[in-house]
Structure formats: structure tokens, C-alpha cells
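Each reported figure results from applying straightforward, stated rules to the coordinates on display, with no laboratory input. As the structure is a computational prediction, the values presented were derived from the model and not from experiment. Cβ placement follows ideal geometry from the backbone for every residue including glycine, while neighbour counts extend to all protein chains displayed.
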Protein chains: 2
Amino acid sequence: MRLWHNPASPFARKVRIVARETGLLPRIEEITAMVSPVSPNTDLAARNPLVKIPALETNDGKVLYDSSVICEYLDSLHNVERLIPSDAARWDALRLQSLCDGILDAAVLCRYETFVRPEPYRWNDWIKGQFTKINNGLDALAAEAPAWGAGFGIGQVGAVCVLGYLDFRFADENWRASRPRLAQWYTSVVSRGSVTATMPA
Amino acid sequence: MRLWHNPASPFARKVRIVARETGLLPRIEEITAMVSPVSPNTDLAARNPLVKIPALETNDGKVLYDSSVICEYLDSLHNVERLIPSDAARWDALRLQSLCDGILDAAVLCRYETFVRPEPYRWNDWIKGQFTKINNGLDALAAEAPAWGAGFGIGQVGAVCVLGYLDFRFADENWRASRPRLAQWYTSVVSRGSVTATMPA
């Protein structure tokens, strides 16, 4: 299988963590791709019309996206403990993944607004609106984290990618300050092999 | 169950079509909510920290999001033909749903850029970049549509929501002009009960 990714992409990181947690990494070639919302990568566009990473080419030549579909596909290929439950716990795990994806969508939009968009076109109310989503989402994660225990499923993979991305791109926001329990949880997982191997730098 | 939606939201429409296709509508109360990327709806925020629609409150009081999670949850509650296959066809169906969601993400961002954002802060390269995604995505749908036959699964639900949204918000773009086979497919499904009942107007 071939995975188009970029070390800075938090959505691609979800897949790269799943590949490592499930022991599938030796079967995956990781291909670094540069993407931009204003100048498409033509090599990637030939595979994913949305020109987004991550994209996974399977061994039968199909291309899968987005990150949640790729994570579930990989999770179906191994025999260790599933990251996405198939019993009643499934819905809460998928909801938690969506919460993390939504925080990341807002954070990536803020990154585009404050870094890619030329300064005269930046709109403060937009940034404020996205940060409201980010902060409300983080508060929800902080409220849930104490119940996670030592579990490390798809929702926790998402949470690692959220918190790692905020440290990477928005360190000044200091998400830990008002969320000690979430910070404590992050400390408990940050030295995990799949997490350190995929840390953006 | 209670579904927070808005008749103009293409993501909420996916769920509303699934509710009708699966016969679950009598078990769902549809609640109209106004949302804006810059002024959060507090009633909705109490349920979904991302303050996004659709959000579904289940009968045991949990709240699920986003649209793909809600659609899969509803699809697990009925005994007619599944909209999301559980065999090998699953991955292509989920990939197609993600393609449609990605086109919609780009279209909604264009709507925000050209309608919500004050004019001095609009950036043409951003709009152009999102329209490249939309048009490449539509070309991919047009290439795939002839193979869909009479099938109407989660990918086709997504395609209906994409094409209906473009007609609703970007009629001038005339997506049909260069895509007669996609237009032909849309004509074949547009009078379906679940589609007419949820048409944005």
C-alpha cells in the first residue's frame, strides 16, 4: 500500500499512528507530498480529486480517503485489538473521532487564515469563530479524558493529533493552562512509540 | 431521537435522506437550527461543542456527529437494505461519501467566502482553489456515475446533496454543462421521495 502524507498534516498523522499501532507499517510505503489550498499538487490530484492528504492506494490499485475511511480500512486488515469497536462502543468512538476532526478542521482553517492568506484579506471574526470551536472542543475533550483510562482507540488517536498540532502551530494559545486533566492524559501517551515516531517538528 | 438540522445544510440533508430511505423518519424529531461560523448557536453548542449541524440526540441521551457517523448509526437501526455495505464494497462506498463531503466542504467554504465574509476580506485565489476541488470532484463523480445503475447507497446520497447544493447556491456555475452523464443520473434520482422532501429552496 502507498500512503500520501505530509509530516505537518494532523489528518495524515491519524493514519500514520494507526499504521503503527496495528503493526501494518511494514506493508505501507509512506510518500511525502506537499499540498496547498491555492496551488494543487498534480501527482496527488491524479489519485484524489480533492487533492488532499492523507490518501491511501491499496494493493488492488484503489485510492481511499479521507483519514477516517483510511483508518477504518487499515483497522480491518489486522488481528490485534481493533481501534474502532464494532459493538455498542462504536458510536462513541466515532463521535470522539469526529470531535477531534472538527477541532482540527477549525485549527487548519485558522492556520490558512493567519499564514497562507495575504494579510489584507484576513478577517478577525472568522479566526475568533474558529477558535471558539477549538476551545469548546478542547473543553469537551478535557471533560472526557479522565474516563479514557489506558484505552487507546481511534478517538484517542484523534486527540493526540489535535494536541500535537496545537503545540506545533499554536503553542502561544497554551491549551494546557485551563485543562490540567487533558494535559495529564497527553503526558501519559506522548512517549508511546506511534506518537513519538509521528510527532510534527 | 432528535435531529438538529437546517434545510439549507447539505450535510444535514444527507442524514435526512437516510432517515427517509430507511423508514426511520417517524422515530426522529427534526429540529431546525440556525448556525453561523462567526456567531455560535448556544442551544446547539450545549450538545455539540463544534456547534455544527447535523447533530443527533439518541434515545439514550447521547449526541452523535458528524453526518457520516449519524448516517452509519441510523443505518444500523433498520432492517431494509443497508445504505453502507459491510462487505468489500464498503470501502468504495465510504470513499465516494468522502469525495462528496470534500466537494461540499469546498462549496460551503466558497459560500462563506462570497456571502458571509465582508467584501474587503475576500481572497480570489482561495475561491479559485476551492473551485478547483469542486470541479475536479464533479469530474470524478461524472466518470463514476454511469456505473451506479439503480443503486442508491451512501455515496449516491452524498452525490444528491452535492448537486442539489450547487443548484441551490451556485446555479450560475452550471455544473451540468460539461457533465451530461452526471446530469442524466441526477435526473433519474431527483424525483425520489427522500430527495424531493429534502430539496433546499
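Annotation for B:VAL38 and A:VAL116: the two label points, set 7 Å from Cα along the Cα-Cβ direction, are 2.1 nm apart. What is the Cα centroid distance between region A:150-201 and region A:1-64, reported in whole angstrom? About 21 Å separates the Cα centre of region A:150-201 from the one of region A:1-64.
Please report the equivalent ellipsoid semi-axes of the protein assembly as shown, computed as sqrt(5 x eigenvalue) of the Cα gyration tensor, largest first, in whole Å.
Working: eigenvalues 173, 121, 109 Å².
Taking √(5λ) for each eigenvalue gives 29, 25, 23 Å, largest first.
When B:ARG27, B:ARG16 are arranged by Cβ crowding within 10 Å, least crowded first, meaning fewest neighbours, the order is B:ARG27, B:ARG16.
Of all DSSP beta bridges in the protein assembly as shown, what percent run antiparallel (nearest 5)?
Working: 10 of 18 bridges.
So the antiparallel bridges amount to about 55 percent of the total.
Normalising the average separation of contacting C-alpha pairs (under 8 angstrom, six or more residues apart) by the number of residues puts the relative contact order of chain A at 24 percent. For chain B, set up a GNM with springs between Cα atoms under 10 Å and report which of B:LEU56, B:LEU44, B:LEU77 has the largest fluctuation. Maximum among the listed residues: B:LEU77.
Take A:ASP43, push a point 7 Å out from Cα through the beta-carbon direction, and compare it with the same point in every other copy: 5.1 nm, smallest first. Diffusion coefficient of chain B by Stokes-Einstein, Kirkwood radius over Cα pairs, 25 °C, 0.890 mPa s: 140 µm²/s. The GNM of chain B, with springs linking C-alpha atoms under 10 angstrom apart, assigns the highest mean-square fluctuation among B:GLY153, B:GLY61, B:GLY164 to B:GLY61. Residue and distance for the chain B Cβ closest to the axis that moves B onto A, in whole Å, come to B:TYR121, 3.
Tell me the Kirkwood radius of region B:2-75: reciprocal of the mean inverse pair distance over distinct alpha-carbon atoms, in Å.
Working: mean 1/r = 0.0823 Å⁻¹.
About 12.2 Å for region B:2-75.
Label point of A:ASP60 (7 Å along Cα→beta-carbon): distances to the other copies' equivalent points are 3.4 nm, sorted ascending. With the convex hull constructed from alpha-carbon coordinates only, region B:112-152 shows a mean projected area of 3.9 nm² over all directions.
In chain A, helical runs assigned H by DSSP with n ≥ 4 each contribute -39500 (n - 2.57); averaged across all residues and rounded to the nearest 500, the mean residue ellipticity at 222 nm is -15000 deg cm²/dmol.
Given the convex hull of the Cα atoms of region A:90-196, what is a quarter of its surface area in nm²? Write down the numbers at each step before the final one.
Values: hull surface 27.8 nm².
The directionally averaged projection comes out at 6.9 nm².
Of the residues A:ALA89, A:ALA12, A:ALA107, the one that moves most in a GNM of chain A with alpha-carbon contacts below 10 Å is A:ALA89. When each full DSSP H helix of chain A is screened for a Cα extent of at least 24 Å along its own axis and an average Kyte-Doolittle hydropathy of at least -1.0, the helices passing are A:90-111, A:124-144.
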